[in-house]
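Below is one structure; the comments refer to it alone.
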Amino acid sequence: MFYHQKRLQYFTPPEKPDPVYAMKMQELIGGSFGEMTVMMQYLFQGWNCRGPAKYRDMLLDIGTEEIGHVEMLATMIACLLDKAPLKLQEEGAADRIVGAVMGGSNPRDEIMAAAMNPQHAIVSGLGAMPADSVGFPWNGRFIVASGNLLADFRSNLHAESQGLMQAVRLYEMTDDPGVKDHLSFMIARDTMHQNQWLAAIEDLQSEGLEATVAPSVAHEYGKNEYAYQFWNHSEGTQSAEGRWAKGPTPDGKGEFEYIANPQPIGPEPNPPQPDPRLHGTSKTSQVPGNAGLA
């Protein structure tokens, strides 16, 4: 059961509307690393958790927090869209568009830079949308919930790292003190969440619930003579200088080996000939009367 408290976790309104910035901020809601993604990711991981109760409780704590972050951003976008113009300010954009054409760049980029997202007026009535900064709808395929907590927590760390990167970039794209203050809170929470997932990964491993490589059965199934080789697949050997090329492996089960000139192990492919019912091109002529013709 979920309850909604009407007060926001944190909020500072912008000093003035900015529909172009509202378009950019949509990325933090509906982008692949936005708050909708982590919200759904953590909730589904929590609902599916079969491990110790503390992990399920933690996942549902943070997943529910992220619901609040979506509401915070939706409220900010609504404020940024307040009293927004409902059509392109053609006069203000004209000089930039002409300059783009004369300078050889793409005028569409200048139009986009000078205009608000038209869907904010047409689709959402000057409100936030479950979409990213270019209007692509949020997609449930963005989320990861595998049932293996180590694999999932690493995905969570990745999502929080990318989400924080985007929040910091947006922070640097505005001079509005209200927006900056609002983002400062979210940046702090994303900082906590990165540390949280690092601590959770450490906890899982210290309790012996998961090993360094997930799933732990991989060592039993894999051809382990290849499991710790780094293959140099590009020109140059600078990659040999990294920690991944020599010394003991982090899982404690092997030593890294640098293969400077890896060679193929398998044969040349010889795919089966196509089924004639599918009309694919085969090695021999399938046209009646053409047998033996060059």
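The values are calculated or read from the model by the stated rules, or taken from the named source; none is laboratory data. Only a predicted model underlies this, so the values are computations on that prediction, with no experimental measurement involved. Note that each Cβ is placed from the backbone with ideal geometry, even for glycine, and that neighbours are counted across all protein chains shown. Side chains included, ligands, DNA and RNA excluded: accessible areas come from the protein's heavy atoms. Shrake-Rupley method; radii C 1.70, N 1.55, O 1.52, S 1.80 Å.
Out of residues 5 or more away from ALA131 or on other chains, whose amide H comes under 5 Å of its own, with H placed 1.01 Å from N in the peptide plane?
Here GLY30, TRP138 satisfy the definition.
Tilt of helix 19-30 relative to the longest C-alpha principal axis of the chain, in degrees (0 to 90, nearest 10)?
40 degrees
Mind listing the long-range amide H neighbours of SER124? Cut-off is under 5 Å, sequence gap 5 or more, other chains count too, H placed in the peptide plane at 1.01 Å from N.
Here the answer is none, since no amide H 5 or more places off falls under 5 Å of that of SER124.
On a 0 to 90° scale, report how tilted helix 90-103 is relative to the longest principal axis of the chain, with both axes built from alpha carbons and the result rounded to the nearest 10.
The angle comes out at about 40 degrees.
Give the whole-number value, in cubic angstrom per residue, of the convex hull volume spanned by the C-alpha atoms of the chain. Let's see the in-between values first.
On the way: hull volume 87.7 nm³, N = 294.
For the chain, the hull spanned by Cα atoms encloses 298 Å³ per residue.
Using modelled backbone amide H atoms (1.01 Å from N, in-plane), which distant-in-sequence or interchain residues come within less than 5 Å of GLU257's amide H?
Here GLN229, PHE230 satisfy the definition.
What is the spin-label model distance, in nm, from GLN119 to ARG7 if the labels are put 7 Å beyond Cα along the C-beta direction?
Rounded to a tenth, the inter-label distance reads 3.4 nm.
Treat every Asp and Glu Cβ in the chain as -1 and every Lys and Arg Cβ as +1, leave all other atoms uncharged, and give the resulting dipole magnitude about the Cα centre to the nearest 20 debye. List each step's numbers first, then the result.
Numbers: 22 positive and 36 negative charges, 142 e Å.
Once rounded to the nearest 20, the dipole reads 680 debye.
I'd like the Karplus ³J(HN,Hα) series for the stretch 260-272: coefficients 6.51, -1.76, 1.60, θ = phi - 60°, whole numbers in Hz, and an x wherever there's a Gly or Pro.
6, 9, x, 10, x, 9, x, x, 5, x, 9, x, x
Tell me what the chain gives for mean residue ellipticity at 222 nm when only DSSP H runs of n ≥ 4 count, each as -39,500 (n - 2.57), the sum divided by the residue total, rounded to 500 deg cm²/dmol. Walk me through the numbers before you get to the answer.
Values: 9 runs with 138 residues, N = 294.
One gets -15500 deg cm²/dmol as the mean residue ellipticity at 222 nm.
Using θ = phi - 60° and the Karplus relation 6.51 cos²θ - 1.76 cosθ + 1.60, list the HN-Hα couplings for the stretch 197-202 in order, rounded to whole Hz, with x at every Gly or Pro.
Each residue's phi maps through the Karplus curve to give 6, 4, 5, 5, 4, 4 Hz.
With N residues in the stretch 182-294, what two-decimal value do you get for its Cα radius of gyration over 2.2 N^0.38 Å?
Numbers: Rg = 25.5 Å, N = 113, 2.2 N^0.38 = 13.3 Å.
Taking the Cα Rg and dividing by 2.2 N^0.38 Å, one obtains 1.92.
At 1.4 Å probe size, with no ligands or nucleic acids counted, give the accessible surface of ASP275 in Å², nearest ten.
The accessible area comes out at roughly 50 Å².
So how do TRP197, TRP231 rank on accessible area, 1.4 Å probe, biggest first, that is with the largest at the start? Please report the intermediate quantities before stating the final value.
On the way: TRP197 0, TRP231 90 Å².
Per-residue accessible area, sorted high to low, gives TRP231, TRP197.
Using only Cα atoms, find the angle between the long axis of helix 149-172 and the longest principal axis of the chain, and express it within 0 to 90 degrees, rounded to the nearest 10.
The angle comes out near 40 degrees.
Could you identify which residue out of ILE62, ILE259, ILE29 has the top mean-square fluctuation in a GNM of the chain using Cα springs shorter than 10 Å?
Result: ILE259 has the largest fluctuation of those listed.
How much of PHE136 can a 1.4 Å solvent probe reach, expressed as accessible area in Å² and rounded to 10?
It works out to around 110 Å².
Give, as ranges by residue number, the residues of the stretch 188-222 whose backbone N falls under 12 Å from the point 7 Å along Cα→Cβ of ILE265.
Answer for the stretch 188-222: 222.
Over the stretch 30-85, how many percent of alpha carbon pairs lie in each 10 Å bin up to the one with the longest distance?
24, 39, 23, 10, 4, 0
Just grab the label-to-label distance for ALA240 and ALA151, each label 7 Å out from Cα along the Cβ direction, in nm (one decimal).
The answer from the label model is 3.5 nm.
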